[in-house]
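Engineer: Below is the structure I would like to discuss, written out as structure tokens.
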Ligand code: ADP
Ligand code: MG
């Protein structure tokens, strides 16, 4: 049996009296794209934030490649291989695209953080390796043409791809994407689908939260469905499409 890249076991998260996530269990296997879907307010973002370590969980366990991470701070989870993007894009507009991706690489550097300024504690070969990684990521995410543009001047879609690029810079084992298609138009969503699969093909597992059902059905190997914080279904896109509890949950959603 292979070890799951991510295993979530009986996860609970309450905000005061609100049970945002209840007894949620699922796992993401190596090379898998898992979709996490559900109506608005069903607990998707809370799950991602709990996995990323934005806040502590009420109860339950989170394992990354077999090791417990639920008590670790956010940055340690990133350096152990769990990277995420946010539902809303937030980037430093004065940096170039390439510089922004370089920032994302910093979590993996063994050199002293000030080595590029003072030349102290450098690891030989690290600069070249990082430069190559940045070029590879620019290529993969389709941002080569805007690599030297400042982040504030690129399109909203390019900013969303940049957020994925920055997360990839941390060399994750698993990438968590929170509504990556938000604000994208049809042809941009197609590019995003290709990108998510291309990321998986490089050996990175993906957990994608998305409201856009066609994209989820297109890219996911398996899907977990939440409603009112609880898992109501899990299966292949085909199984989920025909699941009565899922259909009912979405029909109950305000238009
Ligand atoms: P989704 O991402 O599926 O739309 P969320 O995870 O954002 O849902 O929210 C799940 C539930 O938890 C909602 O009822 C929401 O109001 C509540 N919630 C989320 N974050 C907080 C918070 N920081 N404080 C209080 N309640 C919250
Ligand atoms: Mg959300």
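Yes/no matrix, rows are residues, columns are (1) more than 21 Å from residue 49 (Cα to Cα); (2) outside the structural domain of residue 178 (by TED's automatic domain parsing); (3) in contact with a strand residue (DSSP E or B) (Cβ under 6 Å, 6 or more places away or on another chain); (4) in contact (Cβ under 8 Å) with a residue 40 or more places away in the chain:
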position	(1), (2), (3), (4)
190	yes, yes, no, no
202	yes, no, no, yes
214	yes, no, no, no
220	no, no, yes, yes
227	no, no, no, yes
230	no, no, yes, yes
235	yes, no, no, no
247	yes, no, no, no
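The rows are residues; the columns are (1) within 13 Å of ligand 1 (Cβ to nearest atom); (2) within 19 Å of residue 211 (Cβ to Cβ); (3) within 19 Å of the chain's Cα centre (by Cα); (4) surrounded by 19 or more Cβ atoms within 10 Å (Cβ to Cβ).
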| residue | (1), (2), (3), (4) |
| --- | --- |
| 4 | no, no, yes, yes |
| 25 | no, no, yes, no |
| 37 | yes, yes, yes, yes |
| 53 | no, no, yes, yes |
| 73 | no, no, yes, no |
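Engineer: Can you find a residue in the range 183-199 that is crowded, with 20+ Cβ neighbours inside 10 Å and not in a helix (DSSP H, G or I)?
Structural biologist: No, the conditions are met nowhere in the range 183-199.
Engineer: Any idea which of (1) under 16 Å from the mean Cα position of the chain (by Cα); (2) more than 23 Å from residue 69 (Cα to Cα) is the one residue 200 doesn't satisfy?
Structural biologist: Here residue 200 meets the rest and fails (2).
Engineer: Filter the range 26-45 for residues that are away from ligand 2 (no atom under 16 Å from the Cβ) and touching a helix residue (DSSP H, G or I) at 6+ places or on another chain (Cβ under 7 Å); which is nearest to residue 228 (Cα to Cα)?
Structural biologist: For the range 26-45, the residue satisfying everything is 33.
Here is a yes/no grid of residues against (1) more than 16 Å from ligand 2 (Cβ to nearest atom); (2) closer than 28 Å to residue 137 by Cβ:
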| site | (1), (2) |
| --- | --- |
| 195 | yes, yes |
| 199 | yes, yes |
| 203 | yes, yes |
| 216 | no, yes |
| 240 | yes, no |
| 244 | yes, no |
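Engineer: Of all strands (runs of 3 or more DSSP E) completely enclosed by the range 31-123, which ones contain at least 3 residues that are modelled with pLDDT of 95 or more?
Structural biologist: 33-37, 59-64
Engineer: Right, something else. Being in contact (Cβ under 8 Å) with a residue 60 or more places away in the chain, under 19 Å from the mean Cα position of the chain (by Cα) and more than 22 Å from residue 79 (Cα to Cα) narrows it down to one of 31, 43, so name that one.
Structural biologist: Of the residues listed, the single one that is in contact (Cβ under 8 Å) with a residue 60 or more places away in the chain, under 19 Å from the mean Cα position of the chain (by Cα) and more than 22 Å from residue 79 (Cα to Cα) is 43.
Engineer: Right, next: Which of the following residues is away from ligand 2 (no atom under 16 Å from the Cβ) and surrounded by 15 or more Cβ atoms within 10 Å (Cβ to Cβ): 21, 57, 48?
Structural biologist: Step by step, each of 21, 57, 48 is checked, and only 57 is away from ligand 2 (no atom under 16 Å from the Cβ) and surrounded by 15 or more Cβ atoms within 10 Å (Cβ to Cβ).
The values are calculated or read from the model by the stated rules, or taken from the named source; none is laboratory data. Treat the numbers as computed from the prediction; the structure is a model and nothing was measured. A quick note on method: Cβ atoms are made from the backbone with ideal geometry, for glycine too, and the neighbour counts reach across all protein chains shown.
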